[in-house]
Ligand SMILES: [Zn+2]
């Protein structure tokens, strides 16, 4: 799997294996998230997977009180922009905090990646969603 193309479908397959990965350029080592087939820096085709530590710090966050229909049942919930230890940014859901107490969520706080199973209509249709928790 780690040698497969850096597509969103393969990214989701890696998430299902509880691996958080970005695309890395073999020429200039630029990391890209979401993954891309072409390097955003030197435009070389043929990026490769690099597994990430999942450790990062909160750069910004917002509380979603009114969500789209597919996420309405989860509201309110917290969306964070994180700076990962590898230097790239990820936007994801933050769990393990009270969305009704945003004053308890601190810019710069350490967080760690986790993986949440979202059940489908049958076991082989379940998918894994990337989430973050306080470290
Ligand atoms: Zn490059």
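Filter the range 34-43 down to residues that are surrounded by 14 or more Cβ atoms within 10 Å (Cβ to Cβ) and part of a loop (DSSP other than H, G, I, E, B) and give me whichever is nearest to the ligand (Cβ to nearest atom).
So, considering only residues that are surrounded by 14 or more Cβ atoms within 10 Å (Cβ to Cβ) and part of a loop (DSSP other than H, G, I, E, B), the one nearest to the ligand (Cβ to nearest atom) is 39.
Please list, ordered by first then second residue, the pairs with beta carbon atoms under 6 Å, 6 or more apart or interchain, first in the range 45-72 and in a strand (DSSP E or B), second modelled with pLDDT under 95 and exposed (fewer than 13 other Cβ atoms within 10 Å of the Cβ).
Every condition considered, the pairs that remain are 49/2.
Determine which single condition residue 49 fails, assuming it passes every other condition in (1) away from the ligand (no atom under 16 Å from the Cβ); (2) touching a helix residue (DSSP H, G or I) at 6+ places or on another chain (Cβ under 9 Å).
If we test residue 49 against (1) away from the ligand (no atom under 16 Å from the Cβ); (2) touching a helix residue (DSSP H, G or I) at 6+ places or on another chain (Cβ under 9 Å), just (1) comes out false.
Tally the residues that are crowded, with 18+ Cβ neighbours inside 10 Å and out of contact with any helix residue (DSSP H, G or I) (no Cβ under 7 Å at 6 or more places or on another chain), restricting the search to the range 18-29.
So the answer is 6.
Go through the range 108-131 and count every residue that is outside any strand (DSSP E or B), loosely packed, with under 15 Cβ neighbours inside 10 Å and under 18 Å from the mean Cα position of the chain (by Cα).
Residues meeting the conditions: 2.
Sort out which residues of the range 6-33 are free of Cβ contacts under 8 Å to residues at least 60 places away in the same chain and within 16 Å of the ligand (Cβ to nearest atom), and write them in order of number.
Hits for the range 6-33 are 6, 23, 24, 25, 26, 27, 28, 29, 30, 31, 32, 33.
Within the range 50-86, how many residues are under 13 Å from the mean Cα position of the chain (by Cα), surrounded by fewer than 15 Cβ atoms within 10 Å (Cβ to Cβ) and more than 22 Å from residue 106 (Cα to Cα)?
1
Going through the range 76-104 one residue at a time, which ones are part of a helix (DSSP H, G or I) and within 13 Å of residue 64 (Cα to Cα)?
Residue satisfying the conditions is 102 alone.
The values are calculated or read from the model by the stated rules, or taken from the named source; none is laboratory data. Since the model is a prediction, treat every value here as computed from it, not as a measurement. Neighbour counts run over all protein chains shown; Cβ positions are idealised from the backbone, glycine included.
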